[in-house]
Amino acid sequence: MNALALKKGASKKSAYHLRAPVEEKEERHCLTVLVDNEPGVLARVIGLFSGRGYNIESLTVAETDHLGHRSRITVVTTGTPMVIEQIKAQLGRLVPVHDVHDLTVESAHVERELALVKVASQGNERVEALRLKDAFRARVVDSTLASFVFELTGSPEKIDAFIELMRPLGLVEVARTGVAAITRGAEGM
Amino acid sequence: MAKQMTGAEIVVRALKDQGVDVVFGYPGGAVLPIYDEIFKQNDIRHILVRHEQGATHMAEGYARSTGKPGVVLVTSGPGATNAVTGMTDALMDSIPMVVLTGQVPTFMIGNDAFQEADTVGITRPCTKHNWLVKDTDRLADTIHKAFHVATHGRPGPVLIDIPKDVQFARGTYTEPKDARTETYQPRTEGDADAIEAVVDLLEEAERPILYTGGGVINSGPQASRLLRELVAETGAPVTSTLMGLGAYPASGANWLGMLGMHGTYEANMAMHDCDLMVCIGARFDDRITGRTDAFSPMSRKVHIDIDPSSINKNIHVDIPIVGDVGRVLEVLLERWRARGSKTGDQSAWWSQIAAWKAVDCLRYQPSQKTIKPQHAIERLEALTRGMDRYVTTEVGQHQMWAAQFMGFDEPNRWMTSGGLGTMGYGLPASIGVQIAHPESLVVNVAGEASWLMVMQEMCTAVQYRLPVKQFILNNERLGMVRQWQELLHGERYSHSYSEALPDFVKLAEAFGCKGIHCNDPADLDEAIREMLAYDGPVIFDCLVEKHENCFPMIPSGKAHNEMLLGEASTEGAIDAGGAVLV
Ligand SMILES: Cc1ncc(C[n+]2csc(CCOP(=O)(O)OP(=O)(O)O)c2C)c(N)n1
Ligand SMILES: [Mg+2]
């Protein structure tokens, strides 16, 4: 690091006023948090977000290492770059948290979500819903003469798109798991 | 063969193995087995408090004056909820504290049982970490881990909730060395390149300032020693937050006084005009920065802190260094000396500082008729300086005057509630300090309103013959609130005075200690000497000027170089934007 190369007054203002307006924009980040699967750990993570006023767009959690009692939390959040840095630092200092990875900046990654979409319609609309199901490679997991439940996995955008298409075709309700994410390539975390 | 014992025995054994010599506590149904074990031994002293909040502040006073964690033992439900304020206080000020709470038996948890509260739920945001132990075999391990977490990284309070059946059941004792602490190992070594870069900056700086905080004190006595060496090597001026007073001696040549909202003119002006700011174990709190977009506009900033989340939280810095202050300063000095570094020409900077000092910002209008609160503290300071002395405070104007007018030459001698600003802190804290230092002079500089909040702890002082001196600056006002109402709310003094106050001398008699009343400046020295000479607890009722304001003051929403000095007009000093701030 060459400190002398720093321009004097580089940190002229408060962090809140530091970045040019375009950089002040809210960004969406996908974080992976590896935690001890101990009682209350999810409450700690959620409490941190609510207590400090951070956003949660989606959150998924499950034990992924049964022997080591480790759980993996995937949380999608939005905030200015400054707030995202704070979120990561705050998560990192929780005692049961082992690691925090910001997939959005650290590496290429895949995000997947599962949705169950209930649609009730007749006639042409019913046929059209089925046709779109094929186009999105969704599956029918329940059907009656008046309705379908589709199961669909994919990126959050793909699921959003499918739900939008179903809206005029008799959309009744949607259940979504929230995002699970993993890095691309051979390396693990 | 591992040792089998009851959960209650495990608690006492684990505390002994952790080197605990005193516990501040209050019994109740859910901790009776532990109290039974305490009864059977003599290694750990138990101090019976009069309110669980008192226990937590005593533990804080004990911790801050010794560097060791303070230990609290309280019952379930109301015992635990009464301890919440002290835990929050310790969290904000990074004080190591271990709180043990009783809980209803495991099979009754969730049933709204008598004196049940969701203690781990309630205290999750006000502890560094907490545990509910449901298995006696896990108890010792959890207690050892709790001490580890409380004292490593950024110190803070931890809580262990122990159901009553877990206290009765037998289980295996785990020795401290076998406890699983490896998963919590915060980083203490600073980045070597970043430290090298700080040496570069210090060599080049013409207007450097060291801005120090409670982290220097928390890091241990060697950090304060290294700070003094760094000052000697670089010749830089030093200022400190409220929490860091004493790390650099107030009698030192490079001392500028405290900075921030009620800091000195020279400290705040130097912060504003410096070209290099080295923040050591402080956190750019809003009391320090004032208006953040006008904060020290011309400087490059270095931030040394053990907590990564403190960095770039309020103020963006150029060189962040995550690590223990003591370790980072050690390496910094090593590099400085190895390179034979010299600082740039600071002569213009020091003459500027001398000009700011000449403003004499702590000047006040003396009086022959009434005791000025500043004068009272000055006399207390003069008559106790050089003594083996510890000072605690309550919260309000008196606290700021104590910070301004008392000088601390050593760390761990000054305990005050900074981050949370908890009225009621000072009396119990003084008791905790006195327990740890039975032979020393311990003075609580108090406001009458704060003091009343946890005053029942006077019984504790009397019971254990703790000669704490309660020096109450009695302005019959919630002085700091009144000052804000004067400056911000058109002198409408809404509920900021007490129409009924006790006669403090009679109150002292009722408690069984000594009371002294003083309202004449001519009698003040004699009265203070009487307080100091008395071998026992004293309540000193010092009647002071009622409408004195605490200056200098950076009004909320203003920059460092817009501070108000005593005689300046304060009208319109705080605009609407500032008024919404606290
Ligand atoms: C528990 C608590 N309640 C309320 C406040 C808000 N508050 C800050 S200072 C103050 C007045 C303190 O009065 P006193 O102790 O007499 O001190 P003075 O300012 O008069 O020196 C109040 C009410 C607080 N800090 N803590
Ligand atoms: Mg008062």
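Listed values, structure above:
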quantity: Separation of alpha-carbon centers, segment B:458-492 and segment B:142-179, rounded to whole Å; calculated: 37 Å
quantity: Segment B:480-526: relative contact order in percent, alpha carbon pairs under 8 Å with at least 6 residues between; calculated: 20 percent
quantity: Kirkwood-based Rg to Rh ratio, the protein assembly as shown, C-alpha trace; calculated: 1.02
quantity: Neighbourhood net charge (13 Å Cβ-Cβ; Lys/Arg +1, Asp/Glu -1) for residue B:136; calculated: +1
quantity: Accessible area (Å², per residue) of segment A:110-183, counting only protein heavy atoms and a probe of 1.4 Å; calculated: 55 Å²
quantity: Spatially proximal aspartates and glutamates relative to residue B:342 (Cα-Cα < 12 Å; intrachain offsets below 8 disregarded); calculated: B:200, B:203, B:204, B:206, B:233
quantity: Longest to shortest principal axis, alpha-carbon extents of segment B:115-182, angstrom; calculated: 35, 34, 12
quantity: Euclidean distance between Cα centres, segment B:1-33 to segment A:162-189, Å; calculated: 51 Å
quantity: Those lysines that a straight Cα-Cα span of less than 24 Å connects to residue A:133, excepting residues fewer than 8 apart in one chain; calculated: A:118, A:158
quantity: Whole-Å semi-axes of the ellipsoid equivalent to chain B (Cα gyration tensor, √5λ, descending); calculated: 39, 32, 21
quantity: Given charges at Cβ of Lys, Arg, Asp, Glu: the protein assembly as shown dipole, positive-most of B:210, B:559, B:87; calculated: B:87
quantity: For segment B:469-517, convex hull of alpha carbons as volume per residue, Å³; calculated: 79 Å³
quantity: 30 Å Cα-Cα reach of residue B:372 towards lysines, excluding residues that sit fewer than 8 places from it in its own chain; calculated: B:357, B:469, B:506, B:514, B:546, B:558
quantity: Distance between segment B:533-549 and segment B:246-293 - C-alpha centres, whole angstrom; calculated: 30 Å
quantity: Cα-based Kirkwood hydrodynamic radius, segment B:437-494, one decimal, Å; calculated: 13.4 Å
quantity: Area projected by the alpha carbon convex hull of segment A:27-106, averaged over all directions, nm²; calculated: 4.8 nm²
quantity: Calculated log₁₀ intensity ratio I(q)/I(0) where the Debye formula runs over C-alpha points of segment A:110-183, q = 0.12, 0.20, 0.23, 0.27 Å⁻¹; calculated: -0.29, -0.75, -0.96, -1.29
quantity: Rg in Å to one decimal, and Dmax rounded to a whole Å, for segment B:386-446 via C-alpha atoms; calculated: 10.8, 30
quantity: For segment B:141-224: rounded, prolate or oblate by the Cα gyration tensor [a/c cutoff 1.5]; calculated: prolate
quantity: Ranked order, B:484, B:401 - accessible area, probe 1.4 Å, largest first; calculated: B:484, B:401
quantity: Kirkwood Rh in Å, taken over all unlike Cα pairs in segment B:241-375; calculated: 16.9 Å
quantity: Violating pairs (Cα-Cα greater than 18 angstrom) within the set B:68/B:134; B:3/B:164; B:68/B:164; B:3/B:177; calculated: B:68/B:134; B:3/B:164; B:68/B:164
quantity: Accessible surface of residue B:94 - all protein chains present, 1.4 Å probe, nearest 10 Å²; calculated: 10 Å²
quantity: Reduction of at least 40 Å² in accessible surface, 1.4 Å probe, comparing all protein chains with the chain by itself, residues of segment B:296-311; calculated: B:297, B:300, B:309
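The values are calculated or read from the model by the stated rules, or taken from the named source; none is laboratory data. These numbers come from a predicted model, not from an experiment. Virtual Cβ from ideal backbone geometry, glycine too; neighbours counted across all protein chains shown. Just so you know, the surface numbers come from the protein's heavy atoms only, side chains and all, with ligands and any DNA or RNA stripped out. Shrake-Rupley method; radii C 1.70, N 1.55, O 1.52, S 1.80 Å.
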